[in-house]
C-alpha cells in the first residue's frame, strides 16, 4: 500500500463549474499562477467530462470577510491576475482552520466550437435542389 505524504506547499481546493454541485476536490500548489490554475481546472473538467469542449473563462474565490463589528460573511472575489491568486492563498492561510479553498469556475465554449456547431450556409444549387424535391403531403385530418 502506498502512503500519501502531506505537502505543506499545497492546499485542498473545492471547485464548482458554473455554480454546479457537487464540488470536485483536488490539491493545488500555493505558488501557482492564474494561467496555471485555469489550465489545471480545464484538465480536471476534461477528465470529469471528456466530451466537454468548454474552457475555463473566469475563476471566483469564496472569500471570508470580517466586518468592523466582527460579523463573518462570505463574498465572491474574481481572480483577475497573479496578485489576486496570492491574495487568495494569504486570506485562506490567515482565516481558515479547516476545509478547502472554495472556487467557482465559469466555463465557456470556444469560438471554433460554436462555429462548428452552427448550421453551415448552403449555396444556391443546394437550396434550389431542396426546394425542387417532391415532398410528402400531410393531411391534418389523418393525425
Quick one: which strands (runs of 3 or more DSSP E) lie wholly within segment 54-143 and hold at least 2 residues that are within 22 Å of residue 8 (Cβ to Cβ) and modelled with pLDDT of 70 or more? 54-66, 101-109
Taking the condition more than 12 Å from the chain's Cα centre (by Cα), without any contact (Cβ under 8 Å) to a residue 60 or more places away in the chain, over 14 Å from residue 105 (Cβ atoms) and surrounded by fewer than 16 Cβ atoms within 10 Å (Cβ to Cβ), does residue 63 pass? no
Would you point out the residue of segment 34-53, among those that are exposed (fewer than 12 other Cβ atoms within 10 Å of the Cβ) and not in a loop (DSSP other than H, G, I, E, B), that is modelled with the lowest pLDDT? 48
Mind listing whichever residues of segment 17-33 are touching a residue at least 40 places away in the same chain (Cβ under 8 Å) and assigned to a strand (DSSP E or B)? 17, 25, 28
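The values are calculated or read from the model by the stated rules, or taken from the named source; none is laboratory data. Not measured: the values here are computed from a predicted model. Here Cβ is always computed from backbone atoms with ideal geometry, including for glycine, and neighbour counts include all displayed protein chains.
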